[in-house]
Structure formats: C-alpha cells, structure tokens
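The values are calculated or read from the model by the stated rules, or taken from the named source; none is laboratory data. The structure displayed is predicted, hence computed values, not measured ones. Note: ideal-geometry Cβ built from the backbone for every residue, glycine included; neighbour counts use all protein chains shown.
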Amino acid sequence: MRLLIALIAVFVLAVISLFIGVSHVSPMALFSAEPDARQLQILLISRIPRTLAILLSGTAMAVAGMIMQMLTRNRFVEPSTAGTVESASLGILTATLLAPAMPLFGKMLVAGVFAMAGTMLFLRILRVIPLRSVLIVPLIGMMLGGVINAVTTFIAYRYDLLQSLNAWTIGDFSGVLRGRYELLWITLGLTLAAYLAADRFTVAGMGEAFATNLGMTYRRVMTLGLIIVSMVTAIVVVSVGIVPFLGLVVPNLVRMVLGDNLRRALPWIAIVGGGFVLACDIAGRLVRFPYEIPIGTVAGVVGSVLFLYVLLRRGAHVG
C-alpha cells in the first residue's frame, strides 16, 4: 500500500511537470472537443519527453548509487564520489576531440568505457590503501575525481572546448526534446537487470570471502555491477548532464527505513529517485519563473542538505 501511495505521488508530480513552463499548456485546451494543436505539439515534443527523461535519469542514477554502495561496502559512495562521472566526462571530451562527427550513441559507448576504467581504478586504489574510516573511501574517490576533472579541464582549455564540456556536464533538462532523450530508455533495461541481480549484489555487499563461501562468483557479480553503473552514468551524462548527490542521498534515506536487502529496497530507491529529480526540476522552474534554474544546481543544494542530515544521523547513531 505504501509503495502504491509513493507511485501515485510520483505520478502526480509527473502530471504537474507536464503543465509547467514558459509556453502555456492547459488541460482544458488539450481535452476539449477540438484540442489546441499548438499546445498539443508542445506537450508531445517537449513536456512529455522532458518528464520521461527526468524519471528515467532519476530512477537509474539512484539505483546505480545503491549498487556502488553495495559493491564498495560503503554508504558514502556513488558515481560522483568515485571518479565515475568525471571519467565519463573525459570520455565525452575524448570522443569530441578525436571524432567530432561521432553519433550520440558512439559517444555514449566511449563515455561508458572511460567510466568503467575510472571506477575500476578507484576500486584498485581501495585495495592497496589501508582504510581506517568509512569517510576515507569517498574522500579517495573525490580526490581521484578531482585529478581526472583537472586533466579533462586542461585538455578542454587547450583545445578551446570548455564551453562544450560545460554544456555536456551541467545537469539540465531544458534542452530535452523528442528525438534527443531516447538513449535514456537503455537505463530502464539496466535498472531491470539490477533488480534481477539484486540478491547477488546483496550477497556481494557482505564481502568477497562470504560470497565465495556461498558458492557465488564474486568477480562476475562485481563486473556486472560495474557495467550497470558505468553505462547508466555514461548515458545520463551524455543525455542530460550530471545530477549531484542523487545516488548518494536517495539510497541512504531508503536504507534507513528498509535496511540493506537490495531486492526489497530497490523499487523504493527507483521511485524515490525519480520523485526527487522531478521535485527538484519543478522547483527549479518555479523559483524564478519564467527563468529556469538548472537541475544540477537545485539538486546540489537540496542533496547537500539531505546528505548532512544522513551524516549527522549516522554520527548520532554511532555515538
């Protein structure tokens, strides 16, 4: 029943999203005997694709964050604190430099390969550095991401591509139109794959020795998780840019209530992730209407506040 209520709440947000914007779209004009052709065109070309892109991105990135946390056994890790996002950005820049005419799907594949390489490097570093605190792991990831981002920025500056790089990486749904978001449907398939493998990810999150004793091929599960996280990150970054804190905050809030069983928590993570991005996007469109604040900025502010709440609550629980 609670899951159904959450779905209804996200559906209501999605409907609200369809009718917010500079161009007026009225439900009465759409469902009248003679629908307004102009408003119907705005709805089909812009508003519906935008809302679908928001839901797909929010759902996929929240699930990817949960998988990262299970595989690293750390609650403060997500693609943006593990060098994954920065590696995907470097991949996009590389594809732009070497093959400017490459189609969007090709850039997505290059970004996915770079994202996987960056994530594997992060996991490799964790194996050789002694860890004394759960906060050291995301700190290492942010340091690695900072190094990769510095390299990316230098190359972009050297070849006068800083504006293009910012256009790729700043989270913003205002440019989403029909024909420019369809790659995000791939993330839905990856999310379903994560749900089918949820029990394996849960066992893998208990450690390599425990998973091996249960007869599970630990490295195979790790590889599957890396593929899902890397491809989801690459697709979202290529399509709409970076949405910060999403994969960090949403899984932690859900796990506070439901625990670490991924199969049980994953539907909630997907729903809350989509609802979180929808709410942030609606707020960004209304705060300075008719101007729009990018989703990356709104999610960064809201996500940082929620992250502090999670951090302080965890500290109080430990104390």
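Please work out if Ile293 is surrounded by 13 or more Cβ atoms within 10 Å (Cβ to Cβ) and either among the charged types (D, E, K, R) or in a helix (DSSP H, G or I) (or both). Break it down into steps so the answer makes sense when it comes.
On the way: surrounded by 13 or more Cβ atoms within 10 Å (Cβ to Cβ): yes; either among the charged types (D, E, K, R) or in a helix (DSSP H, G or I) (or both): no.
So Ile293 does not fit the description; no.
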## Note on the structure
Note on region 1-47: residues assigned to a helix (DSSP H, G or I), surrounded by 13 or more Cβ atoms within 10 Å (Cβ to Cβ) and in contact with a Lys or Arg (Cβ under 8 Å, 6 or more places away or on another chain) are Ser17, Leu18, Ile45, Ser46
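Going through Arg178, Arg127 one at a time, which residue ends up being free of Cβ contacts under 8 Å to residues at least 60 places away in the same chain and among the charged types (D, E, K, R)?
Matching residue, one of Arg178, Arg127: Arg127.
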### Query
Quick one: Leu306 ticks every box in (1) part of a helix (DSSP H, G or I); (2) crowded, with 20+ Cβ neighbours inside 10 Å; (3) touching a residue at least 40 places away in the same chain (Cβ under 8 Å) bar one, so which box is it?
(2)
### Task
Can you tell me which residue among Thr119, Thr153 is surrounded by 14 or more Cβ atoms within 10 Å (Cβ to Cβ), hydroxyl-bearing (Ser, Thr, Tyr), over 24 Å from Val310 (Cβ atoms) and out of contact with any His (no Cβ under 8 Å at 6 or more places or on another chain)?
Thr153
### Task
Check whether at least one residue in region 68-81 is touching a Leu at 6+ places or on another chain (Cβ under 8 Å) and over 29 Å from Thr153 (Cα atoms), and report yes or no.
yes
### Message
Can you list the helices (runs of 4 or more DSSP H) lying wholly within region 183-262 that have 3 or more residues being in contact with a helix residue (DSSP H, G or I) (Cβ under 7 Å, 6 or more places away or on another chain) and without any contact (Cβ under 8 Å) to a residue 24 or more places away in the chain?
### Response
208-213
## Note on the structure
Checked against (1) over 19 Å from Val249 (Cβ atoms); (2) not in a loop (DSSP other than H, G, I, E, B), Asp160 satisfies every condition except (2)
### Task
Being more than 18 Å from the chain's Cα centre (by Cα) and farther than 13 Å from Ala82 by Cα is the filter; apply it to region 111-131 and report the residue that is modelled with the lowest pLDDT.
Leu131
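Using the structure shown, decide if Asp160 is among the acidic types (Asp, Glu) and within 17 Å of Thr223 (Cα to Cα).
Numbers: among the acidic types (Asp, Glu): yes; within 17 Å of Thr223 (Cα to Cα): no.
Judged against the criteria, Asp160 is not a match.
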### Message
From the list Gly171, Gly205, Gly175, Gly215, exactly one residue is over 22 Å from the mean Cα position of the chain (by Cα) and either exposed (fewer than 15 other Cβ atoms within 10 Å of the Cβ) or within 27 Å of Phe76 (Cβ to Cβ) (or both). Which is it?
### Response
Gly215
